[in-house]
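Since every read-out is calculated from the coordinates, none of them should be taken as a lab result. Here the structure is a predicted model, which is why all the values come from computation and not from measurement. Backbone-built Cβ (ideal geometry, glycine too); neighbour counts: all protein chains shown.
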Amino acid sequence: MALISLAIDYKKSPIEVRSEFALSGLDIGELYSSILAIEDVCYAVILSTCNRTEIYLEIANLKVVDDVLAWWQSLVRTTNYKINDYLKLRQGSEVIKHLMKLACGLESMVLGEPQILGQVKDSYILSKDNNALGKELDRVFQKVFATAKKVRSETKIGHCPVSVAFSAISLAKKQLEHIHTKSVLIVGAGQTGELLFRHITALNPKRIMLANRTIEKAQRVVEAFDNAEAHPLDNLNLLLKEADIVIAAVTVSEYIVKMNDMAKPRVFIDLSIPRAIDPKLGELEQNVYYCVDDVNAVMEEGKDRRQHESKRADKIVIKSLEEYLEKEKTIVSNAAIQELFEKADNMVDFSLEKSLAKIRNGKDAEAIMKRFAYEIKKKVLHYPVIGMKEASKTGRKDCLSCMKRMFGLNLEQ
C-alpha cells in the first residue's frame, strides 16, 4: 500500500478557497463512510482546521487519487474553484515529515502555535472511532505525537504566546481603547473558542458573552468568572446588539452574522472556516473586520526567536523521521520473514504428513524419504527459479545479483 496526503492550505489558497473545500461542517461519519467506499482507498484520516484541510490516506493504487479528488470536489458548494488548482499532493516519507512538522506547529501560519497538535489528535481519534485507521497510519500518528512532545519539551518554540486566538485578541486590542469598558461576544465554545475566552478574561473586559449551540459546554467554560455569561446560539441577534467586539470561531455552512441592524461600530474577527461573519460588514466605515488570514501580521513580533527555535525543532523532526523509517524497514522485513517461515512450515508439514502416512502403510521408508526431500526441494526453489528466469529475461541484473546473494551463490558468474 502507498501512503499519501492531499492538502488545501493557507500557503497556496486564500480564505475563500479554503472555505469552499473545508470538510469541518459536514457529518464526519458520512465523510469516512463515503471516502472508504472508494475502491482502493483502504484507510483515511481527515484533518480540517481554519488554515487547512488535509486528507491522509493508505491506498492500494495511486490511480485512485483522481477518484478521491472527484469525491472532494463533489462536496464543494460552488463550482468557482477547481481543486487541482490549489492542491498539494505528498507521498511516502514526505507525508510523515510534513505531519511531524505540522503537529509541532512548524507548518502553521503562526509559527509554533500549540493548538494544531490538539486538532491533529482529534482527527486521529475520529478516524479511529470510524474504523478508518490502518496499522501504518496508526504507527505514523503515534510517532508524530511523540515527536511533537519532544519538540515542546526540548525547544522553546511554544514559549511565546502565538496561538491564532492570542493573535485575534491582539488585533482587537489595537482597535479598541479601554477594553475594560467593552462587551465582548465570542461565538463558539470549541477549542479555539475556549482559548479566546482565556485570553479575553486576562484583559478584564466589562462583559464577556459566550454563545454556543450546546449551552452546557459554554456554561462550563464561564462558570468561574463573574463577568462572563453563557448563551444559546439562538440568542445571537440579541447579543450582537450589545457587543463591541464580536469574535467567531464556529463551524457553520453560511454566514450567521450578517448586515442586518449593524449601526453600532464594532470590531469583527472571524476565525471560522467556512466564514461565519459576512465580510461586507468590514466595508462599513464604522466597522473593523478581520479574518484568519489577517492574524499573520500580528506575529511579526518575536518572529526571530521562533525562527531560531524552529531550526532546533527541524533537527528533532529529521532525526525522528529517520528513526521511524528505520523501524518501518524492520517491521516490513520481520513480516516478510514471518510469512516465509509460515509458508515453509505449511509446505513441510503437508509433505511430511503425506510421507509418514505412506511409511505407516508399509511403503519403503528410504524411498519415501528420498521422494519427500525431492518434493521439498522443488517446492522451495519453484518461485526463486521463476524469479531468476524473469530477471534474466528482462535484463534485471540487480534482481539477479540480489537473489544470488540470498541463496549464497557465486556472484561472479
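Values computed for the structure shown
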quantity	calculated
Above-threshold pairs, the threshold being 27 Å between Cα atoms, out of 12/63; 329/378; 135/303; 82/128; 121/315	329/378; 135/303; 82/128
Full-stretch length increase - residue 259, residue 142 - with 0.36 nm per residue and alpha-carbon distance subtracted	37.5 nm
Spacing of the two label points (7 Å from each Cα toward its C-beta) at residue 175 and residue 311, in nm	3.7 nm
Placed amide H near residue 228: partners under 5 Å, 5+ positions off or other chain	208
Sequence-separation-based contact order of the chain, relative, with Cα cut under 8 Å and 6+ spacing, percent	14 percent
Sequence of 402, 50 once ranked by neighbouring C-beta atoms within 10 Å, starting from the fewest	402, 50
Potential extension, residue 303-residue 1 segment - 0.36 nm per residue separation minus Cα distance	104.7 nm
The chain: Cα Rg divided by the 2.2 N^0.38 Å rule of thumb	1.36
Theoretical ellipticity at 222 nm over the chain - DSSP helices of four or more residues, -39500 (n - 2.57) apiece, nearest 500	-17000 deg cm²/dmol
Extension gain from residue 217 to residue 322, taking 0.36 nm per residue of separation minus the Cα-Cα distance	33.6 nm
Virtual spin-label span in nm between residue 386 and residue 347, 7 Å along Cα→Cβ	1.2 nm
Segment 209-342 - share of DSSP beta bridges that are antiparallel (%, nearest 5)	0 percent
Proximal lysines relative to residue 206, as straight alpha-carbon distance under 26 Å, when same-chain residues fewer than 8 apart are discounted	173, 174, 182, 217, 241, 258, 264
Computed label-point distance, nm, for sites residue 286 and residue 358 using a 7 Å Cα→Cβ extension	10.1 nm
Spatially proximal aspartates and glutamates relative to residue 377 (Cα-Cα < 17 Å; intrachain offsets below 8 disregarded)	342, 345, 349, 353, 366
Charge dipole magnitude, Cβ of K and R +1, D and E -1 - segment 336-406, Cα centre, debye nearest 20	400 debye
Estimated FRET transfer efficiency (residue 156, residue 376; beta-carbon r; R0 60 Å; 0.05)	0.45
Of 361, 403, 392, farthest towards positive along the dipole that unit charges on Lys, Arg, Asp, Glu beta carbons give segment 336-406	392
Percent of beta bridges antiparallel (DSSP, the chain, rounded to nearest 5)	45 percent
